[in-house]
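Structure record follows, encoded as structure tokens.
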Amino acid sequence: MSAADATAGEPLPAAATTTARAKVPARAYISWVALALMTTSSVASLRAAPTMAVYGLACVFLYLVPAIVFLLPTSLVSAELASGWQGGVYKWVSEGVSKPMGFLAVWCQFAMTIFYYPSLLGFVASTLAYVINPALATSGVWTALVIVVVYWSGVWVSSRGTKGVAGLASGGLIIGTLIPGVLLVTLGIVFLGQGNPSAAPMTAEHLLPAWAGLSSLVLIVNNFLSYSGMEMNAVHVGSLRSPAREFPRSMFLAMGLVLLIFILPALAISWIVPADQLSLTAGIMQAFDAVFAYFGSQWLTPIIGVMLVTASVGGMLTWLAGPSKGLLLISRQEGYLPPYLQRLNKNGVQQNILVTQGVVTTVIALGYALIPNVSSAYWIFSVITTQVYLIMYLLMFVAAVRLRRRHPDHPRGFKAPLLGTLCGVGFVASLAAIVVGFIPPSQFASGNAGVYLLIVAGGALGLGLLVPWLFYRSRKPSWKLPDAELSADDAAVSAA
């Protein structure tokens, strides 16, 4: 007899009842420190360090501002939403705004990866060049080739339903972020301590970036992408013993750790590599190569390169299937995508979506071969990625305010303090970042502003708004799967 029998109405002997209860697992709680470390591992990266290193000491200010106006609001607001409504951003926005806007939100969460992969793998290509031949770091053809080969290799791995990829990405925090970051900062301090001058001024008058119009602040937009993804970690708020007290502690600790990981390596790079010589994709390797050469240990440069590449590729594999899986599940339930994109392979993986995404990514990768400056291509793709992702955050902030107003008594494990203010600040900051992203940064002032605007607007608005609108307007009743087929296939997707 089982515990289920007792539930059905037949009582169990006391001893059997005790045994049955003993077999029921206790709820698994995590500490707020553990959640802070989980958040740090999913957000912090060295990839953005060269982008901010061009500002020297002012990078501290440029990291703190988006942390206050974007990172903090997204963390607290998404925690409230996750603790009250299961189902992620689609559920939040569809309940708070409308189902079409929910589709737009989950689409943007997926679509941003189309430009994210070329920028991420552009960093991989430049880093890998220092393992093979540093001269390749400025080659657009090399960069495009690496993007295509690594991305399609990732599609092949993901399409087989391979598990354990998350472990590779978790190890990447230590292997490809913490160890190289601590080493770079330590060697940078020793470099300065031996009397070498800093390549960037470290005086109080350089705490703020030099003002040369709006274009001088455009690179701050990249920090919004660096801080994005907090809504994914908010799902763990229910695993805390006291969410109302512990979640804010966790987020403030995570913010502190993330800021240290972002700011200190950026400063170290600015000490070693002059801003006018800094590559936005290979800047970390430039700094390592220079400091290792100074200490007579240049043989370590390829080893660091392999560590950074390992972490980045692991992160790509983790992201590759996640957002597309969320889009697939919603599209199968509501009929938002045509049947071809809803099909699964024998491993229960959304292979057709991954392949279609790969074709677009391959075309985008050619931009590295066609745009003369690799850093310019990297920056453009990073801006488009950020703008598309920020559309989702705009919808999330609106949904949070409406849900609090419409359903004030809905059970929530955590209630964000001053929700209206947080959402207002986050919304305005996100909207401002989208607008500023259309302005060519001062570092690329020599380029054609019209071409820059056309590429960024076409990528961000076309991919983020036009494409999902076309899918929504073209949808047919036949695109929605029958409930029986939906349940069976979605179980396969969840198991993949």
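Observations, loosely collected:
- Among the residues making up the stretch 201-221, those that are modelled with pLDDT of 65 or more and part of a helix (DSSP H, G or I) are Ala204, Glu205, His206, Val218, Ile220, Val221.
- Residue within the stretch 325-346 that is basic (Lys, Arg) and over 30 Å from Glu95 (Cβ atoms) present: yes
- Given (1) of a type outside the set (Phe, Trp, Tyr); (2) at pLDDT 85 or above; (3) part of a helix (DSSP H, G or I), number of the condition Gly296 does not satisfy: (3)
- Those residues of the stretch 138-150 which are of a type in the set (Gly, Ala, Ser) and crowded, with 23+ Cβ neighbours inside 10 Å, in sequence order: Ala144
- Hits in the stretch 115-136 (condition: in a helix (DSSP H, G or I) and either in contact with a Cys (Cβ under 6 Å, 6 or more places away or on another chain) or surrounded by fewer than 22 Cβ atoms within 10 Å (Cβ to Cβ) (or both)): Val131, Ile132, Pro134, Ala135, Leu136
- Breaking point among (1) assigned to a helix (DSSP H, G or I); (2) open to solvent by 30 Å² or more (accessible area, probe 1.4 Å), for Gly413: (1)
- Just so you know, in the stretch 315-373 the residues that are charged (D, E, K, R) and not in a loop (DSSP other than H, G, I, E, B) include one that is least open to solvent (accessible area, probe 1.4 Å), and it is Arg332.
- Test: residue in the stretch 442-455 that is of a type in the set (Gly, Ala, Ser) and open to solvent by 80 Å² or more (accessible area, probe 1.4 Å): yes
- Count of residues meeting criterion [surrounded by fewer than 24 Cβ atoms within 10 Å (Cβ to Cβ) and modelled with pLDDT under 90] in the stretch 98-113: 2
- Filtered by the rule that a residue be over 25 Å from the mean Cα position of the chain (by Cα) and of a type in the set (Gly, Ala, Ser), the stretch 256-299 gives Ala275, Ala290, Ala293, Gly296, Ser297.
- Among the residues of the stretch 386-393, at least one is open to solvent by 10 Å² or more (accessible area, probe 1.4 Å) and in a helix (DSSP H, G or I).
- Of all the residues in the stretch 75-113, those that are touching a Leu at 6+ places or on another chain (Cβ under 6 Å), of a type in the set (Phe, Trp, Tyr) and closer than 18 Å to Gln357 by Cβ number 1.
- When the helices (runs of 4 or more DSSP H) confined to the stretch 23-94 are screened for residues that are open to solvent by less than 30 Å² (accessible area, probe 1.4 Å) and more than 30 Å from Gln286 (Cβ to Cβ), those reaching at least 3 such residues are found at 72-84.
- Qualifying position, being at pLDDT below 90, surrounded by 15 or more Cβ atoms within 10 Å (Cβ to Cβ) and closer than 26 Å to Leu317 by Cα, among Ser494, Ser382: Ser382
- Filter pass, Thr421 being assigned to a helix (DSSP H, G or I), in contact with a helix residue (DSSP H, G or I) (Cβ under 6 Å, 6 or more places away or on another chain) and more than 17 Å from Lys91 (Cβ to Cβ): no
The values are calculated or read from the model by the stated rules, or taken from the named source; none is laboratory data. Worth saying up front: this structure is predicted, and the values here are computed from it rather than measured. Every residue, glycine among them, receives a Cβ derived from its backbone with ideal geometry; neighbour counts consider all protein chains shown. We work out accessible area using only protein heavy atoms, side chains counted, and drop any ligands, DNA or RNA first. Shrake-Rupley method; radii C 1.70, N 1.55, O 1.52, S 1.80 Å.
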